[in-house]
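What follows is one structure encoded as structure tokens, with my remarks underneath.
The values are calculated or read from the model by the stated rules, or taken from the named source; none is laboratory data. Please read all numbers here as calculations on a predicted model, not as lab measurements. All Cβ positions, even for glycine, are placed from backbone atoms using ideal geometry, and neighbour counts span all protein chains on display. Areas reflect the complete protein model, heavy atoms only, side chains present, ligands, DNA and RNA absent. Shrake-Rupley method; radii C 1.70, N 1.55, O 1.52, S 1.80 Å.
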Amino acid sequence: MTPRWGAGSVVEVYEHIAGGGRCASCIEGRGALVHTADGRRFLCVSCIASHREACLRLFGHEPDYGLVIDDANVVWP
């Protein structure tokens with residue numbers, strides 16, 4: 001795997017593919033590397049759901065937690 005621009009660090013990509021990293025919010029769960037308002041973070045599914053619900057109540061819209069891996073321009077051998 002040869003990462004190109006936008007791929008993030010190789011360690012983050014490997015963790016994402018291997019099942020995700022430790023959740024930046026609850027620290028107990030594991031989740032995908034996603035885009036957040038604070039930058040790229042690993043978030044578990046339950047924390048993403050909680051954040052979306054809170055944003056919907058406070059701001060009237062749900063943020064998009066797109067997967068960072070979808071932005072990667074990766075060349076497979």
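For the reader, a short list of remarks on this structure follows.
- Inter-residue pairs, beta-carbon under 6 Å, first of a type in the set (Lys, Arg) and in the range 36-62, second open to solvent by less than 100 Å² (accessible area, probe 1.4 Å), 6+ apart: Arg40/Leu33; Arg40/Val68; Arg41/Ala24
- For the range 33-68, taking the residues that are under 14 Å from Gly20 (Cα atoms) and of a type in the set (Val, Ile, Thr), the one that is surrounded by the fewest Cβ atoms within 10 Å (Cβ to Cβ) is identified as Val45.
- Picking from residues in the range 40-56 that are outside any loop (DSSP other than H, G, I, E, B) and under 9 Å from the mean Cα position of the chain (by Cα), the one that is farthest from Val68 (Cα to Cα) is Leu43.
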